[in-house]
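The values are calculated or read from the model by the stated rules, or taken from the named source; none is laboratory data. Fair warning: this is a prediction, and the values are worked out from it, not measured in the lab. Quick reminder, even Gly has a Cβ in these numbers, built from the backbone with ideal geometry, and neighbours come from all protein chains shown.
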Amino acid sequence: MNKLPSERRYMAIHLPFLPAERRIADGAAPPDTPFAIIEKQRGALRIVALSPAAAALGLEPAMALADARALVPDLPAFPHDPGTDRAVLMRVVAACERYTPMVAADGADALVLDLTGCFPAAGWTQETIARDATARLARLGLRGRAAHGATPDAALALARFAVSAAEDLPVAALALDAETHLALRRAGLRTIGALRDRPRAPLAARFGRELPVRLARLLGEEDRRITPHRPAGTIRAEHRFAEPMATVSPLLDVIEHLAERLETRLAGRGAGGRRFDVALFRTDGHVARLTVTCGRPLRDPPAIRRLFAERLESLADPLDPGFGYDMARMTVPLAERMESEQPDLADGGKGRARTDLAPLIDRLTVRFGPRSISRFHPCDAHLPEYAARAVPPESDTCPWPRPEPGEPPLRPLFLYDPPRRVSVVAEVPDGPPRRFVWREKHYRVVRHEGPERIAYPWWKHPEGCGPTRDYYRVEDETGQRFWLFRHGLYGRESDHPQWYLHGLFA
Amino acid sequence: MSDSPNLRRASMLVPGPSSAKVAGALGFGVPAVDRWLKGGLRRDGVHEFYAPSDGEGAGATAFALLVGRLICDATLPLIWLRTNRGNRNERPYAPGLAELGIDPDTVFLVELAELADLLVATVESVRHGGAGAVILEMQGRARPFDLTASRRLALAAERSGTAVLVIRGKARPVASAAHTRWQVSAAPSPALPANAPGHPVFDLRLLRQRGGPEGLHVQLEWNREQAAFRTPLYGDSSAVPARGTEDRRRRRAA
């Protein structure tokens, strides 16, 4: 009877009272009293969600608040806050990653888990997972209804409508528009079971092509895979604690243990991890995540442990184990080929130097962020400020142009970006600078060389044409050396060209 | 057994108290200076380079980088740590490094906002031992860099054999565990034809040398092609190391 397209197992959890229960859990509303969550819709205050006690009184979402108060005078009402509700739902989604990495939220009040293949490894059955999940939700003060199905839609509909078989679902479970639902009911088709045995083609002709597709999904005949909340790393190891871990001190041992288990898997693929994620599942549903990245592929457990030690030390908020972590999982979302041969010694030791520094660079990167460490990379650019850029430390090496032999340094050691405005006295308007004032200090130029003319790269900007720069290397009487430029050719581009200080020489 | 080629090769791959680094002192190749320093700068020491009072100009930084490059033998990496706050967008410029004869490819730049973090990163870098030299550039008073912090650096330097070169801009000399302390500023260069600025010249005063004399005052010119310092030749007269009495008066800063 049940034509299963696959052996997939999904579990859906519906949280019918999420907006109300999270207010009760926060202490914003008393438990066991009727209240409503309302929102202004088309000029009228309408009920969006209800507390369990209010639902028990026969109130329903979508009622106008005025109508509800006619039935229950003095019904308290809270404004709707979908953002916070969503955040609570996503917390539940994250916490459910303990069962399977394939978890997705559905709508504002439900989530669905792909449990396919999850049972034998962890020693669970689908019933124990459902029981465990609802018990954990109850501890958070949330009432959850779990249901299983061969497709996500079937599981979700069974959980939402609280029925045990797809045949008993109302036609509203098709989640089509209200008119279609009404038309189906008028035709005497009240349940999915009534629709099941009808020929599909006339149904499609009458109610649209969507209907048979939805029907097939509800009946478990056609699968629709879910998109998990977080892409699942394929390389992962996890550890469940017999006793919740209430202090952070054994954490590094756990991390090293997980890294040891991943090491053989990575070695088997000839790969090393470039990024390692550790998720710590707390008994109360909170999930803490730690991530480290490294500059080269890595699979050495002690090295991974050191990186996580660095990450733990650099946390702005230290980890709070609360009532304890009961599970830890390490994933490798980014892995790369890892050469096991020794590094090439023929490149003058440069590559070796980089390999030697890699653990240090990784540690500093983890601790201070990836942007704190950089190397220089030459760029084929005309304007001096674009001639070099910062690249991550693990980038490939590249040759730099060799300076002209015999010449003193023609480019400064420090560059101002943007250049600093200075006021300059020159003998003639298009001549070299004689004196300049910078930061209220006067400098007398005793030696100069220039101009070195650097034109605006007009070939890149056909319509825009910027002023030409005339660069001078100058030295003042104390021996300080500066790089100044005049912006704009006197007489041709500007009558009063501005001067800028662009750099400092040694 | 230790002569086995395999073992020797393996030991070259092990990072740590670097086998590739040459032990001993870095001589400047200028007899007057090397005699004064009893051979040269310790390669496993802390050396401080102060820019005078309102330290504009890049003299002290350039000198420290060049010393670092000589200690590094041009191939070992150079780690340059600096704060990226309050330096008014004064960015290290790689083409300028190349023009000094320092391969920008060997330089790793670490820029952090907090001085305390910078000191942590510096100690880490020195302890690691994989770098040829570690350069710490600070501007202003730099209160966290106290006697304890500099002692920690000196210990780490001795243990890992890594030179630590500390640049202090806009700061007055304070007590520290440094092996040598220099005041560095730019000095007029011997002019090139058409009165063009010449090769970089540094005016150096040795303010302190642990277990040695101080008060050396000398001007050194950097020669990129030979990768060496030399005394500059100004037209007809050659510069003589000047050791006036006025230098003695200001030499005891700490």
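Go over the candidates A:272, A:285 one by one and state the one that is of a type outside the set (A, V, I, L, M), part of a loop (DSSP other than H, G, I, E, B), buried (at least 18 other Cβ atoms within 10 Å of the Cβ) and over 19 Å from the mean Cα position of the chain (by Cα). First the steps, then the outcome.
Working: A:272 fails: part of a loop (DSSP other than H, G, I, E, B).
Exactly one residue qualifies, and that residue is A:285.
Considering only the range B:119-140, how many residues are in contact with a Pro (Cβ under 8 Å, 6 or more places away or on another chain), free of Cβ contacts under 8 Å to residues at least 60 places away in the same chain and buried (at least 24 other Cβ atoms within 10 Å of the Cβ)?
Step one: filter the range B:119-140 for residues in contact with a Pro (Cβ under 8 Å, 6 or more places away or on another chain), giving B:119, B:128-132.
Imposing the further condition that a residue be free of Cβ contacts under 8 Å to residues at least 60 places away in the same chain reduces the set to B:119, B:131.
Those left that are additionally buried (at least 24 other Cβ atoms within 10 Å of the Cβ): B:131.
Final tally of qualifying residues: 1.
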Pick from the range B:67-87, criterion more than 20 Å from residue B:153 (Cα to Cα) and facing another protein chain (nearest Cβ under 10 Å), ranking: modelled with the lowest pLDDT: B:87
When you go through (1) assigned to a helix (DSSP H, G or I); (2) touching a residue at least 12 places away in the same chain (Cβ under 8 Å); (3) at the interface with chain A (Cβ under 9 Å from one of its Cβ atoms) one by one for residue B:116, which number turns out not to apply? (3)
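Is it true that residue B:63 is within 11 Å of chain A (Cβ to nearest Cβ), surrounded by 24 or more Cβ atoms within 10 Å (Cβ to Cβ), touching a strand residue (DSSP E or B) at 6+ places or on another chain (Cβ under 7 Å) and within 26 Å of residue B:154 (Cβ to Cβ)?
Numbers: within 11 Å of chain A (Cβ to nearest Cβ): yes; surrounded by 24 or more Cβ atoms within 10 Å (Cβ to Cβ): yes; touching a strand residue (DSSP E or B) at 6+ places or on another chain (Cβ under 7 Å): yes; within 26 Å of residue B:154 (Cβ to Cβ): yes.
Criteria met by residue B:63.
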What's the total number of residues in the range B:119-147 that are more than 25 Å from residue B:90 (Cβ to Cβ), away from every other protein chain (no Cβ under 14 Å) and of a type outside the set (D, E, K, R)? 1
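Which strands (runs of 3 or more DSSP E) sit wholly inside the range B:176-237 and have at least 2 residues that are surrounded by 22 or more Cβ atoms within 10 Å (Cβ to Cβ), in contact (Cβ under 8 Å) with a residue 12 or more places away in the chain and within 12 Å of chain A (Cβ to nearest Cβ)? Spell out the reasoning first.
On the way: elements: B:180-187, B:201-209, B:217-223, B:228-230.
In the range B:176-237, B:180-187, B:201-209, B:217-223 are the strands (runs of 3 or more DSSP E) which contain 2 or more residues that are surrounded by 22 or more Cβ atoms within 10 Å (Cβ to Cβ), in contact (Cβ under 8 Å) with a residue 12 or more places away in the chain and within 12 Å of chain A (Cβ to nearest Cβ).
In the range A:133-161, how many are free of Cβ contacts under 8 Å to residues at least 24 places away in the same chain and out of contact with any Leu (no Cβ under 7 Å at 6 or more places or on another chain)? Spell out the reasoning first.
Residues of the range A:133-161 that are free of Cβ contacts under 8 Å to residues at least 24 places away in the same chain, as a first pass: A:135, A:138, A:161.
Pick out the ones that are also out of contact with any Leu (no Cβ under 7 Å at 6 or more places or on another chain) and you get A:135, A:138.
Residues meeting the conditions: 2.
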Complete set of residues in the range A:368-417 that are facing another protein chain (nearest Cβ under 8 Å), out of contact with any Cys (no Cβ under 7 Å at 6 or more places or on another chain) and not in a loop (DSSP other than H, G, I, E, B): A:368, A:372, A:373, A:374, A:375, A:376, A:384, A:390, A:414, A:415, A:416, A:417
Going through the range A:18-57 in order, the residues found to be assigned to a strand (DSSP E or B) and β-branched (Val, Ile, Thr) are A:37, A:38, A:47, A:48
Among residues of the range A:30-44, those that are in contact with a helix residue (DSSP H, G or I) (Cβ under 7 Å, 6 or more places away or on another chain) and surrounded by fewer than 17 Cβ atoms within 10 Å (Cβ to Cβ), counted: 3
Those residues of the range A:418-448 that are outside any strand (DSSP E or B), away from chain B (no Cβ under 11 Å) and of a type outside the set (Asp, Glu) come to a total of 3
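Go over the candidates A:420, A:434, A:439 one by one and state the one that is out of contact with any Phe, Trp or Tyr (no Cβ under 6 Å at 6 or more places or on another chain), farther than 30 Å from residue A:368 by Cβ and surrounded by 14 or more Cβ atoms within 10 Å (Cβ to Cβ). Before you say what the answer is, go through the steps one by one.
Working: A:420 fails: farther than 30 Å from residue A:368 by Cβ; A:439 fails: surrounded by 14 or more Cβ atoms within 10 Å (Cβ to Cβ).
Among A:420, A:434, A:439, only A:434 is out of contact with any Phe, Trp or Tyr (no Cβ under 6 Å at 6 or more places or on another chain), farther than 30 Å from residue A:368 by Cβ and surrounded by 14 or more Cβ atoms within 10 Å (Cβ to Cβ).
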Qualifying residue in the range A:83-92 (condition: within 30 Å of residue A:126 (Cα to Cα), of a type in the set (A, V, I, L, M), at pLDDT 90 or above and in contact with a Phe, Trp or Tyr (Cβ under 9 Å, 6 or more places away or on another chain)): no
Tell me which of these residue A:159 doesn't satisfy, since it passes every other one: (1) among the aliphatic types (A, V, I, L, M); (2) surrounded by 22 or more Cβ atoms within 10 Å (Cβ to Cβ); (3) in contact with a helix residue (DSSP H, G or I) (Cβ under 7 Å, 6 or more places away or on another chain); (4) assigned to a helix (DSSP H, G or I). (3)
Which of the residues spanning the range A:265-295 are out of contact with any Cys (no Cβ under 9 Å at 6 or more places or on another chain) and under 20 Å from residue A:373 (Cα atoms)? A:291, A:292, A:293, A:294, A:295
